[in-house]
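Following: one structure in structure tokens, then a few remarks.
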Number of protein chains: 2
Amino acid sequence: MNLPNSVTIKEVGPRDGLQNEKVFIDTQDKIDWVNQLSETGLSYIEVTSFVHPKWIPQLKDAVHVLKQIKRKKTITYAALVPNMKGLERALETDVDECSVFMSASESHNMKNINKTIDGTFPVLNEVVAASLKENKTVRGYVSTVFGCPYEGNVPIDAVLHVSENLFEMGISELSLGDTIGVANPRQVEQVLEEVLKRFPSDKLAMHFHNTRGTALANVLASLQMGITKFDSSLGGLGGCPYAPGASGNLATDDLIYMLEGMGITTGIQADKLLKASQFIEAKINKPLPSHSLQVHRATCYS
Amino acid sequence: MNLPNSVTIKEVGPRDGLQNEKVFIDTQDKIDWVNQLSETGLSYIEVTSFVHPKWIPQLKDAVHVLKQIKRKKTITYAALVPNMKGLERALETDVDECSVFMSASESHNMKNINKTIDGTFPVLNEVVAASLKENKTVRGYVSTVFGCPYEGNVPIDAVLHVSENLFEMGISELSLGDTIGVANPRQVEQVLEEVLKRFPSDKLAMHFHNTRGTALANVLASLQMGITKFDSSLGGLGGCPYAPGASGNLATDDLIYMLEGMGITTGIQADKLLKASQFIEAKINKPLPSHSLQVHRATCYS
């Protein structure tokens, strides 16, 4: 197997994880948790979201959290920004990077953003331009790359259309999302073959969900295609918004177990990660789906 | 990716699954369940175990189950046989194949079989010879191939030593077990590189546990090495004997989801499998770890 020597993990738990949990985590607990994450060796943390609190009340304290965390210079602290209103709030803080998002499928985009795909471009274009002007880098998320909960199959041309438009706006990295966790490794290979014809691998990240247990197999397929950036959520926080009770986000702890076991460096200290994982599990007050946490809970052997 | 067109799944849930569940499933329920499995398109079912009921009371009805199931000619019905006493009981039935087992690591073999590795060979040799004489094919299991709960790392030479001895006895297939679910894809590649120097791929099966979420990634690595036979347990039945509460056996339903999605034929009908999965979940009376079952329970979309 031809595999990279090192991988960058983009921790999205504080945003993508918490926004899909029903419980409101106290602001100070969020701050403490992000501070713990900053000590694990992570180089990227998506801290919160500036989507209107009406839609995501769990993250209504976005400004406060971003202002209060202890920042490390080696870490990029990012936040999701849906529109100019969100950007205004984001710019009250010293966030390093803004993330914009849209879907590759019309129905999911409509349900999520209430706009057509082509109608979303001008909104994001304005956000990206304004962010760049403020010296913030911008990351783009494309959802439903491998399947849509409403439309099923998503043609690769739809993925390329959205990706090209986002790169033209000036994003520096694109995260390809398997929003509903339906992807398989062959599909990952096929999609990446096309995407890599247009964009270099160092501008791409993969965002897998483990809804059907295939996330790490899809990571393996991506590694073999030269991908070196992966989004994940500590403890598997977040679940699946389309299948409540089912696994959602790939757990950072499980991703690191596999990568480090394969000799692929992540720079992350598993013991500190485990503590941060247990911290948020206690606050969420339910067992998180991470396999590493399950094994640790069992404590039969280390 | 260079992948096989079809794969054979060896369903081990009725044996490896049930032997690790605390609940005793009624004999008639076991029979009904195996009969349902026979209708799914599976070509191999490990039905039960002839380990002494003192050790595995859950399967004390082995003779009765094997005698009462409705047999299909297209299916191999197998059972685990630890020694000559077990074989005597097995031969009261018309079992097609006997499975013998031992570990690649001394401590696990001692804990499990109460014999050294070299002390186990004569016992199994007698069982294999007697089985072959009765026109039963024999399958060999090697446990702890990728790691031992007591010793940690297991040298490849230990795996080869046990494998060679089992093949010399006359087994027709060897199943390589990641008993505690610690394997990663790079390790799978490295182990298979060595094993495939000695034995052809069509004599090998992989038996992965999903304890750390890596089972399907390990399947993918194995497929790329030319392996076309995989053991799995419906619904992920069985858990992990070394980490109670954690995932154990790879779930047949999840394996099939990935393989069929990749265009790799298994011959198994997912809808019938789901029903059989729900049947045994209701009898076990707790949610099984299969991701496919989780998604189905959520029933947000199909």
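Here are the numbers:
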quantity: Residues of the stretch B:165-188 buried by at least 20 Å² on assembly (accessible area, 1.4 Å probe, chain alone as reference); calculated: B:Val182, B:Asn184, B:Pro185, B:Arg186
quantity: The stretch B:230-239 - phi-based ³J(HN,Hα) in whole Hz, Karplus 6.51/-1.76/1.60, Gly and Pro as x; calculated: 9, 8, 7, 10, 4, x, x, 3, x, x
quantity: Per the axis that maps chain B onto chain A, nearest residue of B (Cβ criterion) and its distance in Å; calculated: B:Ala217, 2
quantity: Unit charges at the beta carbon, dipole of the stretch A:8-301: most positive-side option, A:Leu87, A:Ser292, A:Gln28; calculated: A:Gln28
quantity: Residue-level accessible surface for B:Asp178, protein heavy atoms, 1.4 Å, Å²; calculated: 0
quantity: Among A:Gly245, A:Gly267, A:Gly147, residue whose mean-square fluctuation peaks in a GNM of chain A (springs only between Cα atoms under 10 Å); calculated: A:Gly245
quantity: For chain B, built as a Gaussian network whose Cα springs stay under 10 Å, the top-fluctuating residue of B:Met84, B:Met102, B:Met206; calculated: B:Met84
quantity: Whole-number accessible area per residue in Å² for the stretch B:253-301, which is evaluated in the context of all protein chains at 1.4 Å; calculated: 44
quantity: Candidates A:Lys203, A:Lys54, A:Lys70: whichever shows maximal mean-square fluctuation once chain A is modelled as a Gaussian network with Cα springs under 10 Å; calculated: A:Lys54
quantity: Computed over the stretch B:220-302: relative contact order in percent, which uses C-alpha pairs under 8 Å that are six or more apart; calculated: 29
quantity: Net charge over other residues, Cβ less than 9 angstrom from the Cβ of A:Met225 (K, R count +1; D, E count -1); calculated: -2
quantity: Under 5 Å, built H, 5+ apart or other chain: amide partners of A:Leu174; calculated: A:Gly140, A:Leu204, A:Ala205
quantity: A:Glu92, B:Glu164, A:Glu173, reordered so the largest accessible area comes first (probe 1.4 Å); calculated: A:Glu92, B:Glu164, A:Glu173
quantity: Residues whose placed amide H lies under 5 Å from that of A:Lys10, excluding near-sequence neighbours; calculated: A:Phe230, A:Asp231, A:Ser232
quantity: Backbone HN-Hα couplings from phi across the stretch A:95-101 [Karplus 6.51/-1.76/1.60, Hz, Gly and Pro as x]; calculated: 3, 7, 9, 9, 10, 10, 8
quantity: Positive-pole candidate from A:Val195, A:Ala183, A:Ile280, dipole of the stretch A:159-294, charges at beta carbon; calculated: A:Ile280
quantity: Solvent-accessible surface ranking, highest first, for B:Lys67, B:Lys229 at 1.4 angstrom; calculated: B:Lys67, B:Lys229
quantity: A:Phe167 paired with B:Gln68, simple spin-label distance in nm, labels 7 Å along Cα-to-beta-carbon; calculated: 6.4
quantity: Net charge over other residues, Cβ less than 14 angstrom from the Cβ of A:Thr76 (K, R count +1; D, E count -1); calculated: +1
quantity: Antiparallel bridges, percent of DSSP beta bridges restricted to the protein assembly as shown (to nearest 5); calculated: 5
quantity: Neighbour net charge for B:Met206 - beta-carbon separation under 9 angstrom, K R +1, D E -1; calculated: -1
quantity: Relative contact order (%) - the stretch B:43-160, alpha-carbon pairs under 8 angstrom, separation at least six; calculated: 24
quantity: Members of A:Lys70/A:Lys133; B:Lys60/B:Lys275; B:Lys54/B:Lys111; B:Lys22/B:Lys272 lying beyond 20 Å, as alpha-carbon distances in this model show; calculated: A:Lys70/A:Lys133; B:Lys60/B:Lys275; B:Lys22/B:Lys272
quantity: Total charge dipole magnitude, the stretch A:8-301, about the Cα centre, Cβ charges on Lys, Arg, Asp, Glu only, Debye to nearest 20; calculated: 560
quantity: Chain A - percent relative contact order, Cα under 8 Å, separation 6 or more; calculated: 20
quantity: Shape of chain A, Cα gyration tensor, a/c cut at 1.5; calculated: rounded
quantity: Cβ charges +1 (Lys, Arg) and -1 (Asp, Glu), total dipole of the stretch B:130-170, debye; calculated: 260
quantity: Cα pair count fraction exceeding 17 Å, expressed as % - the stretch B:66-175; calculated: 53
quantity: Amide H contacts of B:Ala246 (H built 1.01 Å from N, under 5 Å, at least 5 apart or other chain); calculated: B:Cys240
quantity: Across the identical copies, how the A:Lys133 labels are spaced - nm, sorted shortest first, 7 Å along Cα→Cβ; calculated: 9.0
quantity: Separation between Cα centres of the stretch A:245-302 and the stretch A:99-158, rounded to whole Å; calculated: 30
quantity: Dipole moment magnitude, nearest 20 debye, the stretch A:1-135 about Cα centre, only Lys, Arg, Asp, Glu C-beta charged; calculated: 120
quantity: Per-residue ³J(HN,Hα) for the stretch B:183-188, Karplus 6.51 cos²θ - 1.76 cosθ + 1.60, θ = phi - 60°, Hz, x for Gly and Pro; calculated: 5, 10, x, 5, 5, 4
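The values are calculated or read from the model by the stated rules, or taken from the named source; none is laboratory data. Since the model is a prediction, treat every value here as computed from it, not as a measurement. Neighbour counts are summed over all protein chains in view; Cβ atoms, including those assigned to glycine, are modelled from backbone coordinates with ideal geometry. Areas reflect the complete protein model, heavy atoms only, side chains present, ligands, DNA and RNA absent. Shrake-Rupley method; radii C 1.70, N 1.55, O 1.52, S 1.80 Å.
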